[in-house]
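Worksheet: the structure to be examined is printed underneath.
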Amino acid sequence: MMMKQMIKGLVTAVCAGILLTACHNKDNNKVLLKHVTLIDGNGGMPVPMTDILIQGDTIAAIGAGLEEGDATVLDLGGKTIMPALISAHVHVGTLKDTTTKPENYTRTNILAQLHKYEDYGIGNILVMGTDRPMLFESGLRDSSEKGLMPGARLHTAGYGFGAVDGAPPLSFAMDKVFRPATPEQVVPEMDSVAKLSPTVVKMWVDDFNGKYAQKLSPDIYRKIIEEAHKRKLRVASHLYYLSDAKQLVADGLDIIGHSIRDKVVDDTLLAAMKEKGVVYIPTLSLDEFAYIYARKPEWINDPFFKKSLEPGVYEMITSQAYQDKLKNAPDYPVKVAAFEMALRNLEKISSAGILVALGTDSGAMPLRAQGFSEHLELELMVQAGLTPLQAITVATRNAAKVLKIDQQYGTLEKGKVADFIILGSNPEVNIKNTRTIEAVYKAGKEVSKGPLAKN
């Protein structure tokens, strides 16, 4: 009996040792990428013909001539590697086909959209105030944020704050947005949001070009900022007008979530934003999408664009009736002017040294294609006057700072998580080359060949 117990114990120990070794090897898989052109996200010039060693989910070393005997070696022959993109203003779940409705918000739809973002090289997203209880009650947010679910990691602003009978529109599945009628209502509502541990708090201060009689009032949005700050939460605001931006910054706003589009920003606002560390998320693609389909943009038939669309959207936006309706609408010139003002203001704000981060508002409605919008945003930032490398930094390091995940993501450096894109062409030469995706890596593992890969 004692001999049997000894043998059983020995077998158990050996098996445990084998399992431990297997787990150890799994956690320490090594991949050595040789001869890459590295854009690290910090804004410096690309580093040619360097190597990257990945151990498990982490970048273990970067430098020319690296050797690692037990690593899987991939020679990339000079192809470009850049950090995975991070989008600090999107929406998921409520968009499906050509509709934006509460009933679209399902686990299946959310996961499909997170997968789409990942295919387009986007590793982390921040959903700005339109999430619904299912996300939190199911544990989906926590699992996604920790990287335990497939697709881009989802970060959230929980349930946003809007105006009674005003913005944001209920037709955009905004029925879970809090709409306090008095400052006193804000306190319990902020408690409800704070319990979700959001990345930021979102509010809407806008009349949608006069569509609504009133905006969220200053006494209420000041209370939102005050109560959020008491709970150590930052506040991001949808806005449009220069006057609102000035007042919100004076009242303690942390993040401007869209471009200022009615007037040129002045030195007073620039100084205040810089002094207070206010972040600017321009969402230029939102403003171009508002009118551009009337002009048949050069990318309208690009498979990289078409693949990002929900079913039925391409047919809608390319129909002559839809294009004529856009072009003949009374507010068409207003939308074009707003986009041009947004470009001008981004250049001024960036030149002033204010932190600019990538965001697109993709997924809020069918016209704002998830995945493609983020690459278009890079192109539009360059159109506004940023260099390609500056635009990439906005979409990687800067966006990671806004999400407060920059200790792990946003740049390619030793010790950071190995989230990156392998590109067929160098975007420093032409920013549109971010669309030449050959592989997407998440936490050290290849998870996609890009949106155009055959399944």
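Points worth noting:
- Tally of residues being among the β-branched types (Val, Ile, Thr), open to solvent by less than 60 Å² (accessible area, probe 1.4 Å), assigned to a strand (DSSP E or B) and in contact with a strand residue (DSSP E or B) (Cβ under 9 Å, 6 or more places away or on another chain) across segment 68-107: 4
- Condition check for residue 369: open to solvent by less than 20 Å² (accessible area, probe 1.4 Å) and aliphatic (A, V, I, L, M): yes
- Selection within segment 217-239 - under 30 Å from residue 330 (Cβ atoms) and open to solvent by less than 10 Å² (accessible area, probe 1.4 Å): 221, 237, 239
- Within segment 43-66, the residues that satisfy the criterion of being assigned to a loop (DSSP other than H, G, I, E, B) and either without any contact (Cβ under 8 Å) to a residue 24 or more places away in the chain or crowded, with 16+ Cβ neighbours inside 10 Å (or both) are 43, 46, 56, 57, 64, 65, 66.
- Note on segment 151-182: residues that are open to solvent by less than 30 Å² (accessible area, probe 1.4 Å) and farther than 20 Å from residue 208 by Cβ total 7.
- Residues in segment 75-125 that are touching a residue at least 12 places away in the same chain (Cβ under 8 Å) and over 15 Å from residue 440 (Cβ atoms): 26 in all.
- Within segment 252-285, if we keep just the residues that are acidic (Asp, Glu) and in a loop (DSSP other than H, G, I, E, B), the residue that is nearest to residue 377 (Cα to Cα) turns out to be 262.
- Scanning segment 396-411 for residues that are in contact with a helix residue (DSSP H, G or I) (Cβ under 6 Å, 6 or more places away or on another chain), open to solvent by less than 30 Å² (accessible area, probe 1.4 Å) and on the phi < 0 side of the Ramachandran plot yields a count of 2.
- Condition check for residue 171: touching a residue at least 60 places away in the same chain (Cβ under 8 Å) and of a type in the set (S, T, N, Q): yes
- Cβ-Cβ under 9 Å pairs, at least 6 apart or on other chains, segment 333-346 side of a type in the set (Lys, Arg), far side open to solvent by 60 Å² or more (accessible area, probe 1.4 Å): 335/209
- Of the residues making up segment 221-251, those that are over 16 Å from residue 355 (Cα atoms) and either β-branched (Val, Ile, Thr) or part of a loop (DSSP other than H, G, I, E, B) (or both) are 224, 225, 231, 232, 233, 239, 240, 241, 251.
- Checking each residue of segment 344-355 against the condition of being β-branched (Val, Ile, Thr), under 30 Å from residue 316 (Cβ atoms) and either open to solvent by less than 10 Å² (accessible area, probe 1.4 Å) or at pLDDT 95 or above (or both) gives no match.
- Members of segment 108-131 found to be among the hydroxyl-bearing types (Ser, Thr, Tyr) and either surrounded by fewer than 23 Cβ atoms within 10 Å (Cβ to Cβ) or at pLDDT below 95 (or both), listed by number: 108
- Scan segment 204-220 for residues that are touching a Pro at 6+ places or on another chain (Cβ under 6 Å) and either of a type in the set (Asp, Glu) or in a loop (DSSP other than H, G, I, E, B) (or both) and the total you get is 1.
- Residues of segment 286-342 satisfying the condition of being among the hydroxyl-bearing types (Ser, Thr, Tyr) and either assigned to a helix (DSSP H, G or I) or open to solvent by 30 Å² or more (accessible area, probe 1.4 Å) (or both): 293, 314, 318, 319, 322, 332
- Scanning segment 244-282 for residues that are touching a Leu at 6+ places or on another chain (Cβ under 9 Å), farther than 18 Å from residue 229 by Cα and not basic (Lys, Arg) gives 245, 258, 259, 260, 262, 264, 265, 266, 269, 280, 281, 282.
- Test for residue 428: is it at pLDDT 95 or above, open to solvent by 10 Å² or more (accessible area, probe 1.4 Å), within 22 Å of residue 53 (Cβ to Cβ) and of a type in the set (D, E, K, R): no
- Matching entry among 148, 196 (being aliphatic (A, V, I, L, M), touching a Gly at 6+ places or on another chain (Cβ under 8 Å) and open to solvent by 20 Å² or more (accessible area, probe 1.4 Å)): 196
- Residue count for segment 412-449, restricted to those that are in a loop (DSSP other than H, G, I, E, B), on the phi < 0 side of the Ramachandran plot and of a type in the set (A, V, I, L, M, F, W, C): 3
The values are calculated or read from the model by the stated rules, or taken from the named source; none is laboratory data. Note that the coordinates shown come from a computational prediction; the quantities given were computed from them, not determined experimentally. Neighbour counts run over all protein chains shown; Cβ positions are idealised from the backbone, glycine included. Remember, those area values only see protein heavy atoms, side chains included, never the ligands or the DNA or RNA. Shrake-Rupley method; radii C 1.70, N 1.55, O 1.52, S 1.80 Å.
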